[in-house]
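Comments concern the structure below.
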Amino acid sequence: YNFLNALHFTSIFQKPDFYGLSLSLGAVEVKLIELVNAYRAIANKGLWTEFKVIKGFKNRTGERVFSEEAGYIITDVLSDNSARIKAFGDDSPLNLPFPCAVKTGTTKNFKDNWCVGFTDRYAVGVWVGNFDCSPMNGVSGISGAGPLFRDIMIELHRKEYPRTSDKL
């Protein structure tokens, strides 16, 4: 709860006991832009800054929300194509031709799903769902938002792939 507040999640406005232990599993509805910006903090090695949507938006000074080491470890885990094979297969939408840290999520009853990730240049989030909140008959983050995420990342890096250093 405190960590999410440090990441400036304004959509979490209830007291911690309202959410219970499921908060640690991601069972709280949040704004996609806030989720993407939290992943940007991982990409920025623990520094949170306001997001930029419009080119030329003046950025605030970064706030350290976790250590560089934690950011490195999370990036390494989320970038491991080999680790994803067991869950998603070797031909999953998350198996990109360049380094990319990525995570999917699916809500209870398949109401909606998302895919969020980053390279050394971009942070991207994709939400898939029905606007009336009806279930999507088994569509998960890997089958719903995942393919869109892949297409967006490939298009963003069409002219130049991300660097392949240890910094992602």
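The values are calculated or read from the model by the stated rules, or taken from the named source; none is laboratory data. Please read all numbers here as calculations on a predicted model, not as lab measurements. In this analysis, Cβ positions are derived from the backbone assuming ideal geometry, glycine residues included, and neighbour counts consider all displayed protein chains. Heavy atoms of the whole protein, side chains included, go into the accessibility calculation; ligands, DNA and RNA do not. Shrake-Rupley method; radii C 1.70, N 1.55, O 1.52, S 1.80 Å.
Just a few scattered comments:
- Taking every Cα-Cα distance in region 1-46 and sorting them into 10 Å bins starting at zero, the pair-distance distribution P(r) comes out as 26, 57, 16, 0 percent.
- Length-normalised contact order of the chain in % [C-alpha pairs under 8 Å, at least 6 apart]: 18
- Of the accessible area of the chain, computed with a 1.4 Å probe over protein heavy atoms only, carbon and sulfur atoms account for 56 percent.
- Between LEU25 and ARG121, the distance separating the two model label sites (each 7 Å from Cα on the Cα→Cβ line) works out to 3.9 nm.
- Radius ratio Rg over Rh of the chain, counting only Cα atoms, Kirkwood formula for Rh: 0.95
- Within the chain, helix-based [θ] at 222 nm, where runs of 4 or more DSSP H residues each add -39,500 (n - 2.57), nearest 500: -8500 deg cm²/dmol
- Averaged per residue, region 28-168 has 60 square angstrom of accessible surface, using a 1.4 angstrom probe with ligands and nucleic acids left out.
- With all protein chains in place and ligands, DNA and RNA left out, the 1.4 Å accessible area ranks HIS157, HIS8 as HIS8, HIS157, largest first.
- Cα Rg, Dmax, region 103-168, angstrom units: 13.8, 43
- Ligands, DNA and RNA aside, ILE74 has an accessible area near 60 Å² when probed at 1.4 Å.
- Bridgeable aspartates and glutamates around LYS111 (alpha carbons under 14 Å apart, same-chain partners fewer than 8 residues away excluded): GLU29, ASP132.
- Accessible-area rank, largest first, for GLU155, GLU50: GLU155, GLU50, with all protein chains present and a 1.4 angstrom probe.
- Choice from PRO93, PRO135, PRO16 showing the highest fluctuation, given a GNM over the chain with Cα pairs closer than 10 Å: PRO16
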